[in-house]
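Chemist: Can you keep this structure in mind? I'll have questions shortly.
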Amino acid sequence: MDDLNITHHVTSYECGADHLLKPDMFMQYCQEAAETHASSNNLGYDWSMSNGLIWVEVQGDFRFIRYPRWKEEVSIRSNTGKASALQARRFVELTDKEGNVLAQADLLWVLIDVNSRRPIPFKKILDRVNIPDACPALIDSDLQAAENVSDTATVAFTAPRRDIDFNGHINNSAYLTWVLDTLPDHMKPSANPTRMRINFKRETFAGHPIAIEHQRAGNQTRHTITSDGELRALIVLEW
């Protein structure tokens, strides 16, 4: 499958007050790159819905080397391949116009049945899915949770309708937005995270009660997102 490589200029609404790209915006870049690339290979949203399937991200590893500035020209490159019998791996790289890597993402996706909401093994739909084998990891999965928690805080709110995506559930990037918006200032070791791992455990829908437990340990913050007592997502940030 051919690489996707597109050029983009960072917009004002993608940046924070510091004029730098917000980390949740990079997640949205990754999602848009995934759809654009998948559609170019007849495996995108239109194809999946016509087959009663949905692509769902289950894990993301992210590395931020430098956050691009407002109006900066960047390139977004993506490719994909099978990670297992059930999961597809997608990598995304963000580079500046000189080709220097600014950020990387290593993402795991599954196809789920629209009605059962259960993952579908690729072997059951081989006549409809053509994904290359052997896609190595782009980022080493070495981000481990630090010990010695020094601070905790819990925030409760209701999942808003504005965060619902085409699949009818809370968009992946919204979880990070929630974490960054509710993380107390005194728990942030620095301005922007340099590493991030997100595990998505269960779908969340508009109107669900949300509780986020924040923990700080050294240069990390850890975030457990639950709804009605069920784990929805886990996020670890390094700052």
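Chemist: Kindly list, by first and then second residue, each pair from a residue in the stretch 26-48 that is under 30 Å from Gly16 (Cβ atoms) to a residue that is among the basic types (Lys, Arg) and open to solvent by less than 10 Å² (accessible area, probe 1.4 Å), limited to pairs with Cβ atoms under 7 Å and residues at least 6 apart or on different chains.
Modeler: Close Cβ pairs (under 7 Å, with a partner that is among the basic types (Lys, Arg) and open to solvent by less than 10 Å² (accessible area, probe 1.4 Å)) do not exist here.
Chemist: Just to check your reading of the model, which residue among Ala206, Ala211 is among the hydrophobic types (A, V, I, L, M, F, W, C), in contact with a helix residue (DSSP H, G or I) (Cβ under 6 Å, 6 or more places away or on another chain) and either over 25 Å from Phe64 (Cβ atoms) or surrounded by fewer than 21 Cβ atoms within 10 Å (Cβ to Cβ) (or both)?
Modeler: Answer to the selection: Ala206.
Chemist: Another question, if that's okay. Checking the conditions here, which among Ala137, Ala146, Ala191 is under 22 Å from Tyr67 (Cβ atoms), assigned to a loop (DSSP other than H, G, I, E, B), hydrophobic (A, V, I, L, M, F, W, C) and at pLDDT below 95?
Modeler: Ala191
Chemist: May I ask you to list the residues in the stretch 1-13 that are assigned to a loop (DSSP other than H, G, I, E, B) and exposed (fewer than 14 other Cβ atoms within 10 Å of the Cβ)?
Modeler: Those that are assigned to a loop (DSSP other than H, G, I, E, B) and exposed (fewer than 14 other Cβ atoms within 10 Å of the Cβ): Asp2, Asp3, Thr11.
Chemist: Tell me, which residue of the stretch 88-117 that is part of a strand (DSSP E or B) and small (Gly, Ala, Ser) is modelled with the lowest pLDDT?
Modeler: The selected residue is Ala88.
Quick grid of which residues meet (1) without any contact (Cβ under 8 Å) to a residue 24 or more places away in the chain; (2) under 26 Å from Asn115 (Cα atoms); (3) in contact with an Asp or Glu (Cβ under 7 Å, 6 or more places away or on another chain); (4) open to solvent by 60 Å² or more (accessible area, probe 1.4 Å):
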site	(1), (2), (3), (4)
Cys15	no, no, no, no
Ile54	no, yes, no, no
Leu86	no, yes, no, yes
Val92	no, no, no, no
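Yes/no per residue for (1) under 23 Å from Ile164 (Cβ atoms); (2) touching a Leu at 6+ places or on another chain (Cβ under 7 Å); (3) not in a strand (DSSP E or B):
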{"position": "Met27", "(1), (2), (3)": "yes, yes, yes"}
{"position": "Trp47", "(1), (2), (3)": "yes, no, yes"}
{"position": "Gln59", "(1), (2), (3)": "yes, yes, no"}
{"position": "Leu86", "(1), (2), (3)": "no, no, yes"}
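The values are calculated or read from the model by the stated rules, or taken from the named source; none is laboratory data. In this text the structure is predicted, and so the values were computed from the model without any measurement. All Cβ positions, glycine included, derive from the backbone under ideal geometry; neighbour counts span all protein chains shown. Note: accessible area is taken over every heavy atom of the protein model, side chains too, but ligands, DNA and RNA are not part of it. Shrake-Rupley method; radii C 1.70, N 1.55, O 1.52, S 1.80 Å.
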